[in-house]
Every structure is written in C-alpha cells, then in structure tokens.
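The values are calculated or read from the model by the stated rules, or taken from the named source; none is laboratory data. Computed from a predicted structure; not experimentally measured. Calculation scope for accessible area: heavy atoms of the full protein, side chains included, ligands and nucleic acids excluded. Shrake-Rupley method; radii C 1.70, N 1.55, O 1.52, S 1.80 Å.
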Amino acid sequence: MNRPRSDTARLAPAGATTLLVIAKEPLPGRVKTRLTPPFSPAEAARLAEAALADTLRTVRALPAARRAVVLDGRPGPWLPPGVEVVAQGPGRLDERLAAAFAACTGPTLLIGMDTPQITASDLAPALSPHAWDDCDAWFGPAEDGGFWALGLAEPDPGLLRGVPMSVPETGAVQRRRLVDAGLAVRDFPRLRDVDTAADATHVAALAPHGRFAAELARLTGAVVR
C-alpha cells in the first residue's frame with residue numbers, strides 16, 4: 001500500500017531531541033555499490049543522492065533540538081537549509097556511530113540514508129514531548145538484519161562500539177546490547193533498506209511521490225531486467 005508523505009518544505013519547530021542522519025557523500029563508486037549492476041556507478045550515486053534528499057526533507061519536517069548530517073565527504077546541493085553538517089569520525093562503522101553519539105548531549109536519534117520511504121509519522125513517536133517517558137532507547141530494525149534507527153536518551157558511545165556491522169545479526173546484537181545495559185527499549189516498525197535493485201523497486205513503491213521514486217523511474221528504462 002502506498003503511504004502519503006507527511007513532510008513539508010518548511011522547517012518544523014524546535015523539539016527536545018537531536019536528530020542525526022549518518023550519510024556518505026553520494027559519489028559514483030563510493031555509495032550503493034550493490035546496485036551495480038544493473039545500474040552504473042553514476043546511476044547508483046544519483047539514487048543515493050535522491051534517497052538522502054528524501055530523508056533530509058523528512059528530517060526538516062520533524063521537531064528537533066538540532067538537525068545534522070554526520071557526513072563522510074563533502075556537502076552538495078542535496079543539503080537543505082536548517083541542517084548542519086558534522087564530519088564523521090575515523091574507524092569502522094561502529095566507531096563512527098559511537099563518535100556521532102559521543103558528540104551529542106541529551107536525547108539523540110540517529111537514522112540512516114537508506115530508507116527514503118520514512119515519513120514524519122514514522123519517526124514522530126520518538127520526537128513527541130513524551131517520547132522518553134519510561135524509555136531509554138528507540139530501535140528501528142531493518143529487514144536485512146541491521147537497523148535503520150537508534151535513539152538514546154543519554155548518548156553512550158560504549159553501547160555501539162564493538163557491535164559487528166553489515167552482517168545479518170547486526171540488529172539483534174545491537175538491540176541485545178541495549179537490553180543487557182538495562183535500558184527500556186521501544187521499537188520502530190521494521191523497514192527495508194535500499195541495497196539492491198529489488199530493494200529500490202520495493203521502496204519506491206512505498207513512497208511513489210518522493211525524489212527517490214522519481215529518480216528510479218528516470219533510470220529504469222536503461223536497466224536490463
């Protein structure tokens with residue numbers, strides 16, 4: 001079923017939670033390499049840029065104390081007003097995620113750039129005035145076994161360091177780390193990341209009016225099925 005996007009072009013009011021997007025600069029050969037083939041590296045980068053633009057549009061529609069892209073690379077025309085850029089730290093992905101949380105104080109929610117189908121309503125529960133009442137963490141599982149969102153009432157980089165990334169058990173290990181630390185965890189819906197061409201088609205159908213779906217539609221005429 002197609003879900004209408006509930007975001008707007010205007011920046012939403014301030015809230016209590018810092019909202020981060022972990023992202024790579026969408027350069028050919030550096031992003032969405034599993035889309036190649038059937039797409040070329042340049043086409044995969046265009047899809048990555050569209051996914052990031054859709055994600056940031058949704059971020060702007062949400063109440064947050066601060067909105068920032070934790071970026072590996074340099075900002076481009078996809079960066080909208082009202083969103084800061086913070087450089088990613090060095091090391092493995094778990095270390096970079098840990099560093100992103102370490103740089104924040106107070107409730108912080110981090111999401112990825114690979115779920116352009118997210119809407120403001122998907123994330124709203126973690127950004128409401130009562131989002132952290134009797135809750136220490138928010139967790140968004142991904143269909144491939146990873147996770148697309150992680151929120152912490154009190155950012156603790158130790159909760160992420162050492163979690164194996166990009167493996168089928170990543171999400172399970174990360175969520176278990178939260179529970180074992182004694183945190184009360186609330187879950188977002190399970191979503192599908194865009195990694196493969198099949199993922200792209202599925203996700204575009206969930207958000208047919210977004211930039212990602214439009215970019216996929218422009219490119220699929222050249223794709224061998």
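Solvent-accessible area of the chain (1.4 angstrom probe, protein heavy atoms only): carbon and sulfur portion equals 55 percent.
Working value for the range 39-78: equivalent-ellipsoid semi-axes of 23, 12, 6 Å, each the square root of 5 times a Cα gyration tensor eigenvalue, largest first. The C-alpha atoms of the chain occupy a region whose extents along the principal axes are 50, 37, 35 Å, arranged from largest to smallest.
Heavy atoms of the protein chains alone define the surface here; on that basis the chain has 45 Å² accessible area per residue at 1.4 Å probe size.
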